[in-house]
Amino acid sequence: MSSRTCGSLFLVTFCCLLLHVAGSRTDPSEVNALREVKRSIIDPMRNLSNWAKGDPCNSNWTGIICFGSSHDDGHFHVRELQLMRLNLSGELAPEVGQLLYLEIL
């Protein structure tokens, strides 16, 4: 293969990957659960201020770790909540139980 063909193939592959990732979103029930979690805790330093906009997995919400690819349902899922050392207080909302793929809290 010529270098031009390899470059074109790489570009097409990259664009397809980018479109796949851009089209994938976090499961809506998990987004709602995370918003309830945010409402239930006290965040005096506003560490979770970016939880108000965008998508948790695509927008890199503070403390949210997602699986690197979408599951069979076409959605990303929350794998971890890393909320330590963020000066948060209060109780977690029971909706945290809706994070069905959560492995680490």
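Brief remarks follow.
- Residues satisfying the stated conditions in the stretch 46-70, i.e. within 14 Å of Glu80 (Cα to Cα) and among the hydroxyl-bearing types (Ser, Thr, Tyr): Thr62
- Pairing each residue of the stretch 14-43 that is surrounded by 15 or more Cβ atoms within 10 Å (Cβ to Cβ) and of a type in the set (A, V, I, L, M, F, W, C) with any residue that is assigned to a helix (DSSP H, G or I) and modelled with pLDDT of 95 or more, provided the two are 6+ apart or on different chains, yields C-beta distances under 7 Å for Ala33/Glu95; Ala33/Val96; Ala33/Gln98; Leu34/Trp51; Val37/Glu95; Val37/Val96.
- Within the stretch 76-104, the residues that satisfy the criterion of being touching a Ser or Thr at 6+ places or on another chain (Cβ under 8 Å) and assigned to a strand (DSSP E or B) are Phe76, Val78, Gly90.
- Taking the criterion of being within 16 Å of Arg35 (Cα to Cα) and touching a residue at least 40 places away in the same chain (Cβ under 8 Å), the only residue of the stretch 52-75 that qualifies is Cys66.
- Candidates in the stretch 52-75 are the residues that are aliphatic (A, V, I, L, M) and in a strand (DSSP E or B); of these, the one that is surrounded by the fewest Cβ atoms within 10 Å (Cβ to Cβ) is Ile65.
The values are calculated or read from the model by the stated rules, or taken from the named source; none is laboratory data. As the structure is a computational prediction, the values presented were derived from the model and not from experiment. Neighbour counts run over all protein chains shown; Cβ positions are idealised from the backbone, glycine included.
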